[in-house]
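S.K.: My structure is below; once you've seen it, I'll send some questions.
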């Protein structure tokens, strides 16, 4: 059996995905751990040491990239498959750069998800069909240009907040656009300034403009 940890902040989603993974015809997948936050996910994965982690991209206290970094720091070598409603470029690239072996959307059918888990467990790279070409194009373009290495310091969500801050949006408007709380926006904004070693939103706006990020 392939031992899987399932990370998603919605219990109903976890229940549905668990059913698809374990009850699909000829499934050889067993869900051995579940969690809904980055902190709980890291603890659950370290404790259960699954073969594959199926992880939502955005969690209440961070991202799949944060989960990957947390378990790697604690010596766990589970393979990661991102499962998300998002097909945004920043999400896909950031998670794959962080070490995930695949990225599929939640529109995937149950048997296809089981197959994706099998392939990731075998060491293959797996993407939803509509993302595969995009991923190749994105990484090819990245190799051809110097890019902005400072962005690697930011999570995908922090990059989204950074761009909106640099464009002059208020915290309340950012919260509405990203469907997160104002407190969460404030937390991400503080992290962005700290990681980029900037002291104000004005400095951030200038920094982003100079790098053609807005």
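S.K.: Is segment 149-210 best put as rounded, prolate or oblate by its Cα gyration tensor, with a ≥ b ≥ c the root eigenvalues, rounded for a/c under 1.5, and otherwise prolate when a/b is larger than b/c, oblate when not?
M.R.: Cα axes put segment 149-210 in the prolate bin.
S.K.: Any idea how far apart residue 22 and residue 47 come out in nm if each label point goes 7 Å out from Cα toward Cβ?
M.R.: Calculated label separation equals 1.6 nm.
S.K.: Out of 193, 83, 21, any idea which swings most in a Gaussian network model of the chain, alpha carbons joined below 10 Å?
M.R.: 193
S.K.: Hey, another quick one. What ranking do 81, 213 get, fewest neighbouring Cβ atoms within 10 angstrom at the top?
M.R.: 213, 81
S.K.: For helix 201-210, report the angle its Cα long axis makes with the longest principal axis of the Cα atoms of the chain; keep it between 0 and 90° and round to the nearest 10°.
M.R.: That works out to roughly 80 degrees.
S.K.: At 0.36 nm per residue, minus the direct Cα-Cα distance, what do residue 210 and residue 85 gain on full extension? Give it in nm, one decimal, please.
M.R.: Stretched out fully, the residue 210 to residue 85 stretch lengthens by 41.8 nm.
S.K.: Just 65, 82, 107 to compare: in a GNM of the chain, with alpha carbon springs under 10 Å, which one fluctuates most?
M.R.: Result: 107 has the largest fluctuation of those listed.
S.K.: Next up: On a full-extension model of 0.36 nm per residue, what is the gain between residue 150 and residue 72, subtracting their alpha-carbon distance, rounded to one decimal in nm?
M.R.: Computed gain between residue 150 and residue 72 is 25.9 nm.
S.K.: Ranked by Cβ crowding within 10 angstrom, fewest neighbours first, how are 94, 10, 58 ordered?
M.R.: 10, 58, 94
S.K.: Using only Cα atoms, find the angle between the long axis of helix 89-98 and the longest principal axis of the chain, and express it within 0 to 90 degrees, rounded to the nearest 10.
M.R.: 70 degrees
S.K.: So what does log10 I(q)/I(0) come out to for the chain at q = 0.11, 0.13, 0.18 Å⁻¹, using the Debye formula with one equal point on every Cα and no solvent?
M.R.: Taking Cα atoms of the chain as identical point scatterers yields -0.55, -0.75, -1.28.
S.K.: Relative contact order for the chain using alpha-carbon pairs under 8 Å, separation at least 6, rounded to a whole percent?
M.R.: 15 percent
S.K.: Would you mind checking the tilt of helix 38-48 against the longest principal axis of the Cα atoms of the chain, expressed as 0 to 90 degrees and rounded to 10?
M.R.: The two axes meet at around 30 degrees.
Only the coordinates and a few stated rules stand behind these numbers; no lab work does. Note that the structure is predicted; figures quoted are calculated from it, not measured. Cβ atoms come from the backbone with ideal geometry, glycine included; neighbour counts cover every protein chain shown.
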